[in-house]
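Worksheet: the structure to be examined is printed underneath.
The values are calculated or read from the model by the stated rules, or taken from the named source; none is laboratory data. The structure displayed is predicted, hence computed values, not measured ones. All Cβ positions, glycine included, derive from the backbone under ideal geometry; neighbour counts span all protein chains shown. When the accessible area is computed, the model is the full protein with side chains, heavy atoms only, and any ligands, DNA or RNA have been set aside. Shrake-Rupley method; radii C 1.70, N 1.55, O 1.52, S 1.80 Å.
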Amino acid sequence: MSDIESWGETLRLLVELMGTAAFALSGLLEAARKRLDAVGVCVVAFLTAFGGGTLRDLLLDRRPFFWVQHVELLWAVMALCVLAMLFLRQQHLEVTEKAIQWPDALGLGLFTATGVHLALMEQMPVLVAVLMGLTTGVFGGVLRDMVCNEVPTAFRDHRPYAVCAFAGGWVYAGLWLLDAPGWMALVACVVVTAGLRIVALWRNWELPAWRV
């Protein structure tokens, strides 16, 4: 894609920021639902927000990690944690599992797009780039659930999750192969990934379960 650089550093940072905030929100809501203390809430939010991107950077051998290169992401997550805890404490809202699913779906779409984008920029094969997008989108939620003593949603939910990221990643890769503008690939990947996840939740689509 000749126009893949058209994201520009500002747009890429904005996408990383939105994805980080969405996943951090899902992490702190899950921690609040588990009634963890303030330290626990912050740890779960940070793991959810930065886990997938850190694994992506490790696999692509990218240094420094994205959250080291852009320290503003760390400050944003810290501020989000403080504000969210104050708001939830004041409003006495009960956090439900359904409330966690919406920011999680958005974060899945945004991080899948950044994972595919960065892998293609590193001239990885298309399949590797798609799997890198899937890893970036899914791994933060896996860490969140493991720390909260849950079987990861990506493995137990039966409603498509990683499959949505895989499909969205191929949309991005397909547009890249067609030499489409970078912004179009970004928007299409986020819409397909997050849209499929939201529709799967709404329509209660389920993948076949293992029967013993």
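Using r as the Cβ-Cβ distance of residue 63 and residue 122, and R0 as 22 Å, what FRET efficiency do you calculate, to the nearest 0.05?
Details: r = 13 Å, r/R0 = 0.57.
According to the calculation, E is roughly 0.95.
Can you name the helices of the chain, as whole DSSP H runs, whose Cα span along the helix axis is 24 Å or more and whose Kyte-Doolittle mean is not below 0.5? Present the calculation step by step, with values, prior to reporting the outcome.
Details: long enough: 8-33 (38 Å, 0.83); 38-59 (31 Å, 1.57); 72-91 (28 Å, 1.49); 97-121 (36 Å, 0.68); 126-147 (32 Å, 1.72); 182-203 (31 Å, 1.65).
Helices meeting the span and hydropathy rule in the chain are 8-33, 38-59, 72-91, 97-121, 126-147, 182-203.
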Given Cα pairs under 8 Å that are at least 6 residues apart, what percent is the relative contact order of the chain? 27 percent
When N counts the residues of the stretch 151-212, how does its alpha-carbon radius of gyration compare numerically with 2.2 N^0.38 Å, as a ratio? 1.30
Send over a whole-number figure in Å² for the accessible area per residue of the chain, probe 1.4 Å. 50 Å²
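What is the gain in length, in nm to one decimal, between residue 72 and residue 33 on full extension, counting 0.36 nm per residue of separation less the C-alpha to C-alpha distance?
Values: separation 39, 0.36 × 39 = 14.04 nm, distance 2.70 nm.
Result: 11.3 nm gained on full extension.
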Heavy atoms of the protein only, probe of 1.4 Å, neighbouring chains included. What is the accessible area of residue 158 in Å², nearest 10? 80 Å²
When the helices in the chain are scored as -39500 (n - 2.57) per DSSP H run of 4 or longer and the sum is shared across all residues, what 222 nm value do you end up with, to the nearest 500 deg cm²/dmol? -25500 deg cm²/dmol
Using packing as a proxy for protection, rank 37-49, 192-204 so that the peptide with the highest average count of other Cβ atoms within 10 Å comes first. 37-49, 192-204
Accessible surface of the chain, 1.4 Å probe, proportion on carbon and sulfur as whole %: 67 percent
What's the long-distance tail for the stretch 91-175, i.e. % of Cα pairs beyond 15 Å? 58 percent
Between the stretch 52-69 and the stretch 164-191, what's the alpha-carbon centroid distance in Å? 21 Å
